[in-house]
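**Q** Quick one: the structure is below, questions incoming.
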Amino acid sequence: MQRLKIYGKTRISGEISVQGAKNSALPLLSACVLSKGKVTLHNCPRLSDVFAACRILSCLGCSCSFDGNTVTIDSGSISKSYVPDSLMREMRSSIVFLGAILGKMGECSLSFPGGCELGPRPIDMHLSALRQMGVLIREEYGLLHCTCPKGLKGAKISLSFPSVGATENIMLAACLAKGDTFIYNAAREPEIIDLASFLNLCGARISGHGGSVIRITGVKELHGCEYSVMPDRIVACTLLGAAAITEGEITLKHSRPHDIDAVLPVFEQMGCNVYVYDDNIYLNARQKLQAVRTIRTMPYPGFPTDAQAIIMAVLTKAHGTSVIVENIFENRYRQVDELVRMGANIKVEGKVAVIEGVKNLYGANVVATDLRGGAALVIAALAADGETVISNIKLIDRGYEDIEKQLDSVGAKIYRY
Ligand code: EPZ
């Protein structure tokens, strides 16, 4: 089992291009099922989750080939509508294939995606929306058998929570449905905009994306296209966090600063200098970090839950008391125990975490508990006294392309073994 070894107290300094976004690449790969022609996706991150999505495409009968960060998909020979349990279990967000397979094949069988490290990951909103679009869903022994004997039809769908995955599944199912679909209280994340932009380039008719009401007018078919995946806003936050906690400096190139408008001010409140110009972000942390008052995770455009663990790690070294409230997931503080092993002073009470900044963190043997929790340990290790070994790093590889190479390129002493 691979591990990361990190020698701390090394200032991050340099510039780096931000990798493509995992949480956009995954729905885009699912959307390829809908297109009749060939799709070329550039800036696609080489991640285990992305490879898992490609295995699902291949299992459905699509061809999928990688060349560097460009992946070419041809769904012309799609022949199946069943995703085996083994593939579904590899990645719970595979549920986003449901809407696309239904849209293309008119039926789909797949297993209930399991919960994950963040707690139960229900899909009630996905299923209720698809039922409103004419999908019959039979649940049997953990399998979902979905059919739409009269074809998918447009519907007016109101989400009780702006679920990213549910919004994506509805958009995918609605592209080839009969009539108009409206999504009220839709997710507004940048990844939703990326998916809508891709689908419209393939001939879909989607409007309102990025706002709370999205309209999709069903069309007869979608053709192929060439598209570039948006930069990963959470990887951008991670790299900025690495520079901040080591009192270093970093320039992020090919980022999209406005995607993290809710996070950049937090770095400034900590005392970092942040400059945004074109698609670049420059941060330096010349002085001791200061605690920030209260951070509440919210749906976009609020503070992103995926950046919570990352910012928590940075705050462990910030002078004073910081408070985080995790409003999106039930169990997203699993990194806390591991950070405490490194000398952090964090108390958790339900949704609230109170972080007292400490003078020093200490290298330790720690275990990645989930994707972003693992990234938080990497950040803490960069500032810790001595050597840290992080195991279970396959969870980090789900979302970060060669994280050790990325950080090594800006001065970190980090090795995979
Ligand atoms: C997406 O997950 C992202 N994953 C997550 O990133 C991200 O944290 C999350 O959106 C919120 O921004 C991908 O895009 C692959 P949700 P998703 O549906 O779609 C509840 C990472 O680290 N809910 O917006 O699963 C759900 O339990 C990952 O990159 C229901 O109750 O998120 C959660 O509490 C982690 N019923 C909340 O809504 C439903 O039918 C937000 O979930 C659907 C969701």
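**Q** Which of rounded, prolate or oblate describes the stretch 271-417 when judged by the alpha-carbon gyration tensor and an a/c cut-off of 1.5?
**A** Working: a/c = 1.22, a/b = 1.09, b/c = 1.12.
Rounded is the answer for the stretch 271-417, as its axis ratio a/c remains below 1.5.
**Q** Positive end of the dipole of the stretch 22-228, charges at C-beta (+1 Lys, Arg; -1 Asp, Glu), about the Cα centre: which of LEU152, TYR141, SER35 has its Cα farthest in that direction?
**A** LEU152
**Q** Across all directions of projection, what mean area in square nanometres is found for the Cα convex hull of the chain?
**A** Details: hull surface 72.1 nm².
Here the figure is 18.0 nm², rounded to one decimal.
**Q** Separate question: Under a 5 Å amide H to amide H cut-off, with H placed in plane at 1.01 Å, what residues pair with THR369 once short-range neighbours are removed?
**A** GLY374
**Q** Classify the stretch 172-253 from the C-alpha gyration tensor, please: rounded if a/c falls under 1.5, else prolate or oblate depending on whether a/b exceeds b/c.
**A** prolate
**Q** Whenever you get a sec, compute what percent of the accessible area on the stretch 112-228 sits on carbon and sulfur atoms (1.4 Å probe).
**A** On the way: 2740 of 4950 Å².
C and S atoms contribute 55 percent here.
**Q** When ligands, DNA and RNA are left out and all protein chains stay put, how many square angstrom of accessible area per residue does the stretch 375-417 have with a 1.4 Å probe? List each step's numbers first, then the result.
**A** Values: 1390 Å² over 43 residues.
Result: 32 Å² per residue.
**Q** Pick out, from LEU239, MET298, VAL389, the residue whose Cα sits farthest towards the positive end of the charge dipole of the chain, with +1 on the Cβ of Lys and Arg and -1 on the Cβ of Asp and Glu.
**A** MET298
**Q** Let me ask something else about it. Based on Cβ point charges of +1 for Lys and Arg and -1 for Asp and Glu, what charge dipole magnitude is obtained for the chain about its Cα centre, in debye rounded to the nearest 20?
**A** Values: 44 positive and 41 negative charges, 95 e Å.
Using Cβ point charges on Lys, Arg, Asp and Glu, the chain gives about 460 debye.
**Q** Please work out how much accessible surface ASP49 shows to a 1.4 Å probe, ignoring ligands, DNA and RNA, in Å² rounded to 10.
**A** 0
**Q** Using the Karplus equation 6.51 cos²θ - 1.76 cosθ + 1.60 (θ = phi - 60°), what ³J(HN,Hα) coupling, rounded to whole Hz, does each residue of the stretch 192-205 give in order, writing x for Gly and Pro?
**A** Couplings: 5, 5, 4, 5, 5, 5, 5, 5, 5, 5, 8, x, 6, 10 Hz.
**Q** Which ³J(HN,Hα) values, rounded to whole Hz and listed in residue order, are derived for the stretch 162-171 from phi using the Karplus coefficients 6.51, -1.76 and 1.60 in 6.51 cos²θ - 1.76 cosθ + 1.60 with θ = phi - 60°, glycine and proline given as x?
**A** Those phi angles translate into x, 5, 5, x, 5, 4, 5, 5, 5, 4 Hz.
**Q** Sticking to Cα atoms, compute the Rg of the stretch 22-228 to one decimal and its Dmax as the biggest Cα-Cα distance, whole number, in Å.
**A** That works out to 15.2, 42 Å for Rg and Dmax.
**Q** Using amide H atoms built in the peptide plane, which far-off residues or other-chain residues are under 5 Å from LYS178 H to H?
**A** It is LEU152, LYS153, GLY154, by chain and number.
**Q** Hey, can you find the accessible area per residue of the stretch 58-199 for me, probe 1.4 Å, expressed in square angstrom?
**A** On the way: 5450 Å² over 142 residues.
With the other protein chains kept in place, the stretch 58-199 gives 38 Å² per residue.
**Q** Sort VAL358, VAL314 by accessible area with a 1.4 Å probe, largest first.
**A** Numbers: VAL358 30, VAL314 0 Å².
In descending accessible area the options line up as VAL358, VAL314.
**Q** Can you tell me the dipole magnitude for the stretch 48-157 around its Cα centre, using point charges on the Cβ only (Lys, Arg +1; Asp, Glu -1), in Debye to the nearest 20?
**A** On the way: 11 positive and 10 negative charges, 95 e Å.
Dipole about the Cα centre, nearest 20: 460 debye.
**Q** Let me have the 222 nm mean residue ellipticity of the chain computed from DSSP H runs of 4+ only, each contributing -39500 (n - 2.57), with the sum over all residues rounded to the nearest 500. Could the numbers behind the result be given before it?
**A** Details: 14 runs with 127 residues, N = 417.
That calculation yields -8500 deg cm²/dmol at 222 nm.
**Q** Output ³J(HN,Hα) for the stretch 84-91: one whole-Hz value per residue in order, computed from phi by the Karplus curve 6.51 cos²θ - 1.76 cosθ + 1.60 with θ = phi - 60°, and x for Gly and Pro.
**A** Result, ordered by residue: x, 4, 4, 6, 5, 6, 5, 7 Hz.
**Q** Ok, one more. First compute the accessible area of the stretch 287-417 with a 1.4 Å probe, then give the percent of it belonging to carbon and sulfur atoms. Please report the intermediate quantities before stating the final value.
**A** Numbers: 2550 of 5060 Å².
In the stretch 287-417, the share of accessible area belonging to carbon and sulfur is 50 percent.
**Q** Next question, about the same structure. Could you state the per residue volume, in Å³, of the convex hull enclosing the Cα atoms of the stretch 351-417? Display every interim value, and only then the final one.
**A** Working: hull volume 7.0 nm³, N = 67.
Cα convex hull per residue, to the nearest whole number: 104 Å³.
**Q** With +1 on each Lys and Arg Cβ and -1 on each Asp and Glu Cβ, and nothing else charged, work out how big the dipole of the stretch 1-76 is about its Cα centre, in Debye to the nearest 20.
**A** Result for the stretch 1-76 is approximately 380 debye, rounded to the nearest 20.
**Q** Right, something else. What is the set of long-range amide H partners of TYR82 at a cut-off below 5 Å, with H atoms built 1.01 Å from backbone N?
**A** Under 5 Å from the amide H of TYR82: SER109.
**Q** Comparing PRO120, PRO45, PRO299, which has the greatest mean-square fluctuation in the GNM of the chain with Cα pairs linked when under 10 Å apart?
**A** It is PRO120.
**Q** Which whole-number percentage describes the relative contact order of the chain, with Cα contacts under 8 Å and a sequence gap of 6 or more? List each step's numbers first, then the result.
**A** Details: 1061 pairs, mean separation 86.9, N = 417.
Relative contact order for the chain comes out at 21 percent.
The values are calculated or read from the model by the stated rules, or taken from the named source; none is laboratory data. Since the structure is predicted, the reported quantities are computational estimates derived from the model, not experimental observations. Don't worry about glycine lacking a Cβ; one is built from the backbone with ideal geometry, like all the others, and counts go over all protein chains shown. Each accessible area value is taken on the protein alone, full model and side chains, heavy atoms only, with ligands, DNA and RNA left out. Shrake-Rupley method; radii C 1.70, N 1.55, O 1.52, S 1.80 Å.
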